[in-house]
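These notes are about the structure you will find just below.
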Amino acid sequence: MAKRIVLAGGGTAGHIEPALAVADAVRRIDPTIEIEFIGTATGLESLLVPQRGYRLRSIPKVVMPRSFAISAINFPFAIMRSVWLSRKILKGASAIIGFGGYVSASAYLGARLAGVPIAIHEANAKPGWANRLGRHIAKLVAVNFEEVRNNWAGSVLTGMPIRSALSELAKLSKPEQIKFRELQAKSLGLDPSRPIVALFGGSQGSLHMNKAIETYLATSAMSTESKVQIIHAVGINNPLPRPQRDYLPMAYFHDMAAVYGVADLLITRSGAVTCSELMTVGRFAILVPLPHGNGEQVDNAQALVDQGRAIMVKNEEFTGRWLTENLERVVATATNDLKPAELHLDAANRIAALVLKDLLGNLSEKNR
């Protein structure tokens, strides 16, 4: 019988992209293994997973209530249904690899009931509730931050699985990076001799950050004396502004290697994937942590600030006025001579190899 690995993670690119990177790595190591995903029909995974050629099996989205409300009464029934559907999907699978997010808790419990070995990857410096649950029943726990490994006995520090194109960008020599930046700038209609800033608010965009840049553009900051050029991903579901001099809006950054390669400074949220990518390609950033969730984005950002790789601005303080007063100063002082973090370069292959060896026991000597 063919072996089958199911990957669980959805909602945002922060859960989906690492899962896709590991799926690709498993496929490279052993093309005979069948690979599927568990996700929701409404999350970003419903677009990204099929685009990469993988089957997506859908379960209902179940959100853990953070406060008492009438809807909280339905939570036990919703989670039981989601677990039952997960168990049905996972029956006969060789392993499940979970990356956190709404679908993972149901998938972990469904796997336990189906007798399927569990591996999890925790991306954040402050783990979410799904992976805090999953680690107690998992056979393999991989983490992205040293602090988490210290707190989770038996876990393995693997780093963050990132897109192969970013690994290749990180390996370019300095002259090759300069040439890459020049070519990308010209392809976007930008002047490679002037600083370029890339702004994006996560995979869904950020209305708050979009409003800040709109206010900034309305001031004299983008006058003829402006020293910066801005590329801006507003989010696929948000209105697309008109382009103007030194400002190029897009719905989504589809080629992140091009964005990291062309930008002298990035302004972004501090999701775990973004922070790991910034470290890998050695780019300086202004990080604006998302003010929701369990505070993991603040911890993620602080890790980069402590390493001199970023500055952090609170969401409520990130305004058009803040940009007017600070952006050109930060651009002038930002350094992109930061040493790339090698931990993440081979994380996808590392996790795939651990799963095949520890959960499936079929990794050949030449692939170890």
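Each value in this text was obtained by applying a stated rule to the coordinates, not by laboratory testing. On a predicted model such as this, the values are computed, not experimentally measured, just so you know. When we count neighbours, we look across all protein chains shown, and the Cβ atoms used for this are built from the backbone with ideal geometry, even at glycine.
Details
- Phi angles across the stretch 275-286 convert, under the Karplus curve 6.51 cos²θ - 1.76 cosθ + 1.60 with θ = phi - 60°, into 3J(HN,Hα) values of 4, 5, 5, 4, 5, 5, 8, x, 10, 7, 9, 9 Hz, Gly and Pro given as x.
- Global geometry of the stretch 189-271, whether rounded, prolate or oblate, following the gyration tensor of its Cα atoms and the 1.5 cut on a/c: oblate
- Separation between Cα centres of the stretch 160-174 and the stretch 224-268, rounded to whole Å: 21 Å
- Around Tyr54: net Lys/Arg minus Asp/Glu count, Cβ-Cβ under 11 Å: 0
- Along principal axes, Cα extents of the stretch 1-145, largest first, whole Å: 47, 33, 30
- Expressed as a fraction of 2.2 N^0.38 Å, the C-alpha radius of gyration for the stretch 164-343 is 0.96.
- Compared with the alpha-carbon gap, the fully stretched path from Thr219 to Leu188 is longer by 8.8 nm at 0.36 nm per residue.
- Note on Gln51 and Lys314: the model spin-label points, each 7 Å out from Cα along the C-beta direction, lie 3.6 nm apart.
- Cα gyration tensor category, rounded, prolate or oblate, for the chain with a/c compared to 1.5: prolate
- For the chain: relative contact order, % (alpha-carbon pairs under 8 angstrom, 6 or more apart): 16 percent
- Of the peptides 188-199, 5-16, 46-57, the order by per-residue mean of other Cβ atoms within 10 Å, starting with the highest, comes out as 5-16, 188-199, 46-57.
- Dipole magnitude of the chain about its Cα centre (Cβ charges: Lys, Arg +1; Asp, Glu -1), debye to nearest 20: 1160 debye
- Anisotropy class of the stretch 1-58 from Cα gyration tensor, a/c 1.5 cut: prolate
- Distance between the 7 Å Cα→Cβ label points at Glu146 and Asp30: 3.3 nm.
- The relative contact order of the stretch 104-258, computed from alpha carbon pairs under 8 Å that lie at least 6 residues apart in sequence, is 15 percent.
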